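Working notes, structure below.
The values are calculated or read from the model by the stated rules, or taken from the named source; none is laboratory data. Just so it is clear, the model here is predicted, and its values are computed rather than measured. Every residue, glycine as well, gets a Cβ built from its backbone with ideal geometry; the counts of neighbours run over all protein chains shown. Accessible surface is based on the protein model in full, side chains and every heavy atom, while ligands, DNA and RNA are left aside. Shrake-Rupley method; radii C 1.70, N 1.55, O 1.52, S 1.80 Å.
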Amino acid sequence: MQDFEPILAPVKPKQKKLPFGWPPALKLSTLNPVPQRRRMRRKSTASQDNVAALKTSFDVWESIKTLQTRKWNIYDIQHFVCLGYILFSLFILPSAPIIKTAVLLALGGLLLMPITQQFFLPSLPIWTYLLYFFASRFIAPEYRPHIWVKVLPALENVLYGANLSNILSAHSHPVLDLLAWFPYGIGHFALPAICSAILFLFAAPGTTPVFARAFGYMCMLAVTIQLIFPCTPPWYEKAHGLEPAHYGMEGSPAGLARIDKLFGVDMYTTSFTTAPLPFGAFPSLHGANAVLEALFMQYCFPKFKYFFIFYVGWIWWATMYLNHHYAVDLVGGGLMAAIAYYISRVRWLPRPQLEKRTRWEYEYVEFGDRPKTYDEEYGIGSAYGLGLLERRTSSDEWTLGSSSSLDSLSRGDTVCGSSSSTPDILSPTTPNDDFKHVVLGLPQGDIWNGARLARESELSDVHVLS
């Protein structure tokens, strides 16, 4: 009988445990780990072949299954914030339970159907703001704070040495009225939709949802400030002086009344007289909306930035000329818009590829505004700018800026190549379907000797097989 030697599995040597969790074998990866947000991730979804593709399904269960399997995070608080504002607005509205229930059911259906979800979910903050604004008139006076009459005129004189609104509105002319009416009476109401359409058609895919969220949340915050800190506008000072104001007083169209008289129609007199927030002077949403629109448009279409700057100055002048806002109101609104824009740009706004004319020409999209020059040139951060390899191709409309909405690559079967728009940034192309690789630039020689990090000219290609 032939003897067989037993096959013994290799025994791993026990590693000695050191105190305080210190690793027994020190590795370079332990000293310089790759942050989670810069690690490449890959999604295998069917929609990755086209980053500009739109959903066409009416299947509600598809969205329900997605909600059941997705990982929720801190950014999802935004949906509960909108829900809170909606419920509060419906609560203070006059009793109409059937209509309110129908509104909630219709909203739920629009948010669950994929074909409508892709439009209504990113714009939900805007619809919430509109409902919140028009419902605010029903807040009982006993729950409202004191109306400040002297604060804004005093700030105007302290900051600028004069009341700029009263100076600009002291002399009027029909030609000036028309010049002021176009941006204030038309542009303010029409441009949000026009800018959204332009960004959707000609900017990078994913730009319009970021704009809609920034616009909506900024307006919701502005209305909240106007309710907590109500101040009288310039037309009140001209009509009533510095007398105390009280709730129940009518608003005023101010300079827009001359437009109604000029055209012989009631376009603004009734609507401004019965405005929900006649004492919502600070901050100015006319000033804030114009600044936010200009910032997003100049980011996507930098060739026209001087026109966008001109428009902001135009509507700011019109706002003071028509006696609706003080200059300090416009500055406050502009600061809010700038903060909303830069928060969106740093983390979520897609980077434009200026040689692309429409959204359908994009093969991949890069999000965020991480610095490229120092990252690529000097290797600041971990893994020599691996964050620049992040691509997003399929969007999760429920989350803005969550890890579940970020893809490492723009296609499920592609990795890296070169981009004509950004030659120093790797873009998703592959030589063939069988060979998958990532080309990373690594320095020649030892980089751990305490010397400076290698420059781009000193890098060589290393192919990492997957």
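Give the shape of region 163-274 as rounded, prolate or oblate, defined through the alpha-carbon gyration tensor: a ≥ b ≥ c are the square roots of its eigenvalues, a/c under 1.5 means rounded, and otherwise the shape is prolate if a/b is larger than b/c and oblate if not.
oblate
From Cα pairs below 8 angstrom and at least 6 apart in sequence, can you work out the relative contact order of region 122-244, rounded to a whole percent?
Here the relative contact order equals 58 percent.
Give a residue-ordered list of calculated ³J(HN,Hα) values for region 63-80 (Karplus: 6.51 cos²θ - 1.76 cosθ + 1.60, θ = phi - 60°; whole Hz; x for Gly, Pro).
6, 5, 5, 5, 5, 6, 9, 6, 9, 7, 9, 5, 5, 6, 4, 4, 6, 6
Relative contact order, percent, of region 74-194 when contacts are C-alpha pairs under 8 Å separated by at least 6 residues?
In percent, rounded to a whole number, it is 25.
Please work out the FRET efficiency for the pair residue 116 and residue 243, using the Cβ-Cβ distance as r and a Förster radius of 41 Å; give the result to the nearest 0.05.
It comes to 0.25.
If DNA, RNA and ligands are ignored and the probe is 1.4 Å, what is the ranking of 56, 66 by accessible area, most exposed first?
Ranked from most to least accessible, the order is 56, 66.
Put +1 on the Cβ of each Lys and Arg and -1 on the Cβ of each Asp and Glu in region 233-332; which of 267, 309, 256 then has its Cα farthest toward the positive end of the dipole?
309
With every protein chain left in place and a probe of 1.4 Å, what is the accessible surface of residue 249, to the nearest 10 Å²?
We get 40 Å² for residue 249.
Across region 346-360, in residue order, what do the Karplus-derived ³J(HN,Hα) couplings come to in whole Hz, using 6.51 cos²θ - 1.76 cosθ + 1.60 with θ = phi - 60° and x for Gly and Pro?
Running phi through 6.51 cos²θ - 1.76 cosθ + 1.60 with θ = phi - 60° gives 5, 10, 10, 6, x, 7, x, 10, 5, 7, 7, 9, 10, 5, 6 Hz.
To the nearest 10 square angstrom, how much accessible area does residue 64 have with a 1.4 angstrom probe?
Rounded to the nearest 10, that gives 40 Å².
With θ taken as phi - 60° and the coefficients 6.51, -1.76 and 1.60, list the Karplus ³J(HN,Hα) couplings across region 223-232 in order, rounded to whole Hz; mark glycine and proline as x.
5, 4, 5, 5, 6, 7, 10, x, 9, 7
With a point put 7 Å past each Cα toward its Cβ, work out how far residue 52 is from residue 342 in nm, to one decimal.
Distance between label points: 3.2 nm.
Whenever you get a sec, line up 146, 325 from highest to lowest accessible area (probe 1.4 Å, protein heavy atoms).
Descending accessible area places them as 146, 325.
Please give the solvent-accessible surface of residue 88 in Å², to the nearest 10, using a probe radius of 1.4 Å with every protein chain present.
Approximately 90 Å² for this residue.
Would you rank 107, 178, 90, 335 by solvent-accessible area, highest first, keeping every protein chain in place and using a 1.4 Å probe?
From most exposed to least exposed: 335, 178, 107, 90.
For residue 368, list long-range residues whose amide hydrogen, built 1.01 Å from N in the peptide plane, is under 5 Å from its own amide hydrogen.
Sorted by chain and number, the residues that satisfy this are 348, 349, 351.
What translational diffusion coefficient, to the nearest whole µm²/s, does region 276-369 have by Stokes-Einstein, given a Kirkwood radius computed over alpha-carbon pairs, a temperature of 25 °C and 0.890 mPa s viscosity?
For the chosen part, D equals 168 µm²/s.
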